[in-house]
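The values are calculated or read from the model by the stated rules, or taken from the named source; none is laboratory data. Not measured: the values here are computed from a predicted model. Positions of Cβ are backbone-derived with ideal geometry, glycine not excepted, and every protein chain shown enters the neighbour counts.
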Amino acid sequence: MPPPQPESRDAASNLVRMDRRSWLYLIVLGAIWGASYMFIKIALDDLSPAMIAWGRIALAALVLTALAAAAGALRGHRSRLGTLALLGVVQAAGPFLLIGAGEQEISSALAGILVTTAPLFTALLAVRFDQEERSRGLRLVGVLLGFGGVIVLLGLDLGGGNELWGGLAVVLAALGYAIGGLIIKLRLSDLPPLGVASWVMITSTVILAPAALIGAPADVPGPGPIASLLALGLVGTGIAFAIFYELIARVGPARAFIVTYLAPAFAVVYGATLLGEAITAATITGLTLILAGSWLGVEGRLPWRSRPVAIPEPEPCPPEPVPVTPAPR
């Protein structure tokens with residue numbers, strides 16, 4: 001099944017329409033990925049970051065491969081295995097390992113918030129690699145506004161030392177997400193998204209296996225970490241990545257990464273209500289800026305202004321037949 005084609009673009013503004021289904025995908029994905037940071041924090045009680053990353057990827061590979069095989073989406077990837085392996089490093093194995101390591105030092109809510117730097121990295125990389133995804137006008141203001149919210153949180157909620165290194169690890173993971181989104185669009189957009197997601201998880205499972213073996217626990221983990229790992233793999237990675245790759249195919253990587261603006265709101269709520277993490281004034285201010293930036297980054301307009309509609313140019317009418325006067329005999 002070929003990937004869904006994005007809706008028509010306005011040649012003047014390069015805007016991609018966000019229909020209701022795309023918004024629904026974003027919200028559901030934000031809720032799932034927001035919970036993933038909480039599950040990582042719980043799993044870290046008994047498991048190493050490498051083991052958590054490998055376990056969730058291996059479980060996701062099982063889910064996605066079954067779905068892709070049923071849809072006939074696993075064929076045609078053999079010639080792209082090198083690109084898929086690279087994608088596995090920068091968008092699955094690397095980020096998952098870095099986020100787990102970062103959450104050893106910082107809260108789950110702060111980790112979820114720091115991943116919001118991914119759209120900014122996408123915009124910066126697009127200047128060189130993808131002119132179509134460059135943020136301009138209010139879209140650029142939205143990206144910067146969202147990143148401003150991250151700066152507020154970093155400046156007030158993150159201390160020095162190990163906390164700083166933990167935060168930087170999560171930011172580096174966000175850079176990997178951004179690089180991966182551009183690789184998908186520029187090198188793999190002609191392949192079924194579900195098949196791409198499946199092969200990425202398969203290659204990532206192989207890549208992380210040595211690190212997971214080294215970091216394997218000496219004792220049997222408790223039920224909480226095991227349940228969290230299962231939720232991470234089956235839902236937070238398997239189902240979530242199927243939705244994420246579908247979003248990239250529909251609306252492009254820049255708008256797909258707007259989910260990283262929405263996930264922090266869920267991460268903060270989950271962390272506060274279920275893990276007892278503090279919600280400060282800085283957290284609320286930062287999230288407000290991030291959510292405002294998400295709107296502008298996707299829509300490129302203020303909420304009270306109507307969406308610009310591209311009016312296609314009318315097709316030229318065929319010329320009127322010219323009557324031919326018979327030549328005199």
Over region 267-288, the set of residues in a helix (DSSP H, G or I) and surrounded by fewer than 22 Cβ atoms within 10 Å (Cβ to Cβ) is Val269, Ala272, Thr273, Leu274, Ala281, Ala282, Ile284, Thr285, Thr288
Starting from residues that are closer than 23 Å to Val259 by Cα and modelled with pLDDT under 60, keep the ones in region 11-52 and report whichever is surrounded by the fewest Cβ atoms within 10 Å (Cβ to Cβ).
Ser13
Cβ-Cβ distance below 9 Å, separation of 6 or more or different chains: which pairs start in region 164-175 with a residue that is within 10 Å of Ala101 (Cα to Cα) and touching a residue at least 12 places away in the same chain (Cβ under 8 Å) and end on one that is of a type in the set (Asp, Glu) and surrounded by fewer than 23 Cβ atoms within 10 Å (Cβ to Cβ)?
Trp165/Glu105; Gly166/Glu105; Gly167/Glu105; Ala169/Glu105
If a residue has to be in a helix (DSSP H, G or I) and either touching a Phe, Trp or Tyr at 6+ places or on another chain (Cβ under 9 Å) or surrounded by fewer than 19 Cβ atoms within 10 Å (Cβ to Cβ) (or both) to count, how many in region 155-170 make the cut?
7
